[in-house]
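A.B. asks: Sharing a structure with you now.
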């Protein structure tokens with residue numbers, strides 16, 4: 001069982017594994033293993049000084065993997081799930097960690113969380129500034145031509161896509177605000193006539 005001092009018993013015996021998996025157990029003979037003189041084999045326990053670690057208090061319902069019987073004893077609390085991204089994260093944990101849907105939903109939740117943070121920044125006195133926070137100005141100040149050409153840089157391949165990826169959402173958001181604002185003004189003018 002995970003998170004206990006006892007070592008879990010193997011699921012299948014060595015003979016069963018050797019019969020079903022080609023090449024299994026080739027390193028069991030110490031003469032075939034160069035690391036044997038440095039190894040310190042454990043006799044019966046994992047070396048933990050506890051039977052079960054003290055559990056961290058759960059301040060809100062946490063996401064829990066379906067592979068585990070219970071929530072891990074220690075977990076992160078820096079970013080509690082909230083908003084649409086929190087709902088997507090909770091939906092991701094309905095799937096096994098071996099399923100692609102689990103990880104794609106977590107990646108989607110990260111992207112949604114980033115957009116939610118950008119939108120929340122507009123409600124503060126210091127909203128996000130895409131020009132200074134993306135490093136565009138420092139890129140222009142620190143040898144922009146010499147650092148790009150004549151050097152084997154892996155990011156040169158996607159350099160032409162960077163303005164689209166970074167500025168694209170801001171341009172689309174600005175266009176959406178313009179279109180919506182224009183429609184609202186037209187409807188207000190129509191009501192005033």
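A.B. asks: If you take the alpha carbon radius of gyration of the range 58-128 and divide it by 2.2 N^0.38 Å, what ratio comes out, to two decimals?
C.D. replies: Against the compact-globule rule of thumb, the ratio is 1.26.
A.B. asks: Over the chain, what is the mean sequence separation of C-alpha contacts under 8 Å (at least six apart), divided by residue count, expressed as relative contact order in percent?
C.D. replies: 12 percent
A.B. asks: Can you tell me the length gained on complete extension of the stretch residue 178 to residue 131, counting 0.36 nm per residue apart and subtracting the Cα distance?
C.D. replies: Result: 14.9 nm gained on full extension.
A.B. asks: Applying a 10 Å radius around every beta-carbon, put 139-146, 11-18 in order of their mean neighbour count, most first.
C.D. replies: Going from most to least packed, we get 11-18, 139-146.
A.B. asks: Could you work out [θ]222 nm for the chain from helices alone, using -39500 (n - 2.57) per DSSP H run of at least four and dividing by all its residues? Round to the nearest 500 deg cm²/dmol.
C.D. replies: -13000 deg cm²/dmol
A.B. asks: What do you get for the angle between helix 100-121 and the principal long axis of the chain? Use alpha-carbon atoms, 0 to 90 degrees, nearest ten.
C.D. replies: Taking the Cα atoms of the chain, the angle to 100-121 is about 40 degrees.
A.B. asks: Using the alpha-carbon atoms, what tilt in degrees (0 to 90, nearest 10) does helix 83-92 show relative to the longest principal axis of the chain?
C.D. replies: Orientation of helix 83-92: about 30 degrees from the principal axis.
A.B. asks: What angle, in degrees between 0 and 90 and rounded to the nearest 10, separates the Cα long axis of helix 162-192 from the longest principal axis of the Cα atoms of the chain?
C.D. replies: 40 degrees
A.B. asks: Here are labelled values, (1) 40, 21, 15; (2) 34, 20, 12; (3) 52, 29, 18, and one is the computed semi-axes √(5λ) of the Cα gyration tensor in Å for what I pasted. Which one?
C.D. replies: (3)
Bear in mind that the values in this text are calculations on the coordinates, not laboratory data. Note that the structure is predicted; figures quoted are calculated from it, not measured. Every residue, glycine as well, gets a Cβ built from its backbone with ideal geometry; the counts of neighbours run over all protein chains shown.
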